[in-house]
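Undergrad: Below: one structure in structure tokens.
Just so it is clear, none of the values below were taken in a lab; they were calculated from the coordinates. Just so you know, these numbers come straight off a predicted model, no measurement behind them. Note: ideal-geometry Cβ built from the backbone for every residue, glycine included; neighbour counts use all protein chains shown.
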Amino acid sequence: MKNLWVVLLTLLGIVMNAQDLQKIANEIKEEGTDLYRSEMASWYGTDIFRANYEKMDNVSGYFSYIDEKVPKCIFFSKDKKVIGTIAFPTNYNPKDAKLDLNERDFTSLESEYFTIRQNALTRIKNDTIFKVYQNTSLNIVPIIKNNVKKVYVLTGPSVDNVVVFGNDYLISFDNKNEVKNVEKLHKGMIVQNINDKEVGKTVGGVHSHILENWQTITPTDICTLMLYYKFTNWESYTVVSKKYVSMWNGKGNGLLIMKEKAFKNMTESIKKIDAERKSKTEELK
């Protein structure tokens, strides 16, 4: 009876641990999806705006946000006026986007986004933690959700056939929109080819996380994988650290996070089963 209770308590611990990890996975994927939606609006919004607005010298910058479930990309002038608003449907089809080039003031929400964006930009220009590598640029992605204000800084490539992970940062703000913390999400920058000279078209990839505070896959990783999926069609992607193994599924945008020890035990069990099957097959021949 005592052994039975030990087994039951062990199983209960495993289930509860799996539930905790799934909660973490869901939160990371949700944050990554928020980043993806903002970046998609910026990608297409920039193309649409440039094709229709003539006075580009008047443009000071842009940012994207979700306005009551509607993805919007807005451009603002040097006079801090909105000079372009592009609203997208949920599928981000540029043909169905609504363009408004009427000049107007920021809404109260847009003013908040503008402020943390500008404060983030100032910090980027003056803090040596931020790096810019050749053939890349830094993308500023402000997020306001549940009264929490933050700016993610992602690195985007300016050349084709590559997906860039890392060299990304998280800037957190206080309730006065002042920067309270800046941290790196990856130790460095990871570049993976979509089409490789030796293996041809890649089907997935893997990179490792070293930073203690970011042992799982990051929201920026999820955002990048979602953004480039239409180019990569990667079946899966894995992030490994000393604590966790994070596995992303491309087709379903699923995310599974396991403790590294549990993942190692699982793979060893699979190898053992495969070896036994091969042995039995040889005996039957």
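Undergrad: Considering only DSSP beta bridges whose two residues both sit in the chain, what percent are antiparallel, to the nearest 5?
TA: 90
Undergrad: Now a separate question. With a point put 7 Å past each Cα toward its Cβ, work out how far Ala275 is from Lys78 in nm, to one decimal.
TA: It is 7.1 nm.
Undergrad: Measure nothing fancy, just the Cα-based angle from helix 2-52's long axis to the longest principal axis of the chain, in degrees from 0 to 90, nearest 10.
TA: Helix 2-52 sits roughly 30 degrees off the main axis of the chain.
Undergrad: So, in nm, how far is label Lys55 from label Gln134 when the simple model puts each one 7 Å beyond its Cα toward the Cβ?
TA: 4.0
Undergrad: For helix 108-126, report the angle its Cα long axis makes with the longest principal axis of the Cα atoms of the chain; keep it between 0 and 90° and round to the nearest 10°.
TA: Roughly 80 degrees, rounded to the nearest 10.
Undergrad: Here's something else I'd like to know. When you count, for each residue, the other Cβ atoms within 10 Å and take the mean per peptide, how do 212-219, 163-170, 253-260, 86-93 rank with the highest first?
TA: Output ranking for 212-219, 163-170, 253-260, 86-93: 163-170, 212-219, 253-260, 86-93.
Undergrad: Something else about it: Kindly provide the GluC sites (Glu not before Pro) of the stretch 37-126 that DSSP labels as loop, not H, G, I, E or B, and whose Cβ sees at most 10 other Cβ atoms within 10 Å.
TA: Glu54, Glu68
Undergrad: What nm distance separates the two modelled labels at Asp174 and Asn91, each placed 7 Å from Cα along Cα→Cβ?
TA: Simple spin-label model gives 4.7 nm for this pair.
Undergrad: A further question follows. Per residue of the chain, what 222 nm ellipticity follows from adding -39500 (n - 2.57) for every DSSP H run with n ≥ 4, rounded to the nearest 500?
TA: That calculation yields -13500 deg cm²/dmol at 222 nm.
Undergrad: Here's something else I'd like to know. I need the trypsin sites (Lys or Arg not before Pro) found in the stretch 159-208, filtered to DSSP loop residues with at most 14 other beta carbons within 10 Å of theirs.
TA: Lys176, Lys187, Lys197
Undergrad: While we're on this one: Which residue fluctuates the most in the chain, going by a Gaussian network model with Cα springs under 10 Å, if the choices are Gln134, Gln192, Gln22?
TA: Gln134
Undergrad: Please give the FRET efficiency for Glu183 paired with Ser108, using the beta carbon to beta carbon distance and R0 = 22 Å, rounded to the nearest 0.05.
TA: 0.15
Undergrad: In a Gaussian network model over the chain where Cα atoms closer than 10 Å are linked, find which of Ser38, Ser241, Ser108 has the largest mean-square fluctuation.
TA: The residue that fluctuates most here is Ser108.
Undergrad: Which residue, Leu35, Leu227, Leu211, tops the fluctuation ranking in a GNM of the chain built on C-alpha contacts under 10 Å?
TA: With Cα springs under 10 Å in the chain, the top fluctuation among Leu35, Leu227, Leu211 is at Leu211.
Undergrad: Nearest 10 degrees, 0 to 90: what angle lies between the long axis of helix 219-232 and the longest principal axis of the chain (Cα atoms)?
TA: 90
Undergrad: To the nearest 0.05, how large is the calculated FRET efficiency for Glu212 and Lys98 if R₀ is 41 Å and r is the Cβ-Cβ distance?
TA: 0.35
Undergrad: Among the listed pairs Lys69/Lys150; Lys23/Lys264; Lys149/Lys187; Lys131/Lys259, which have their C-alpha atoms separated by more than 27 angstrom in this model?
TA: Exceeds cut-off: Lys131/Lys259.
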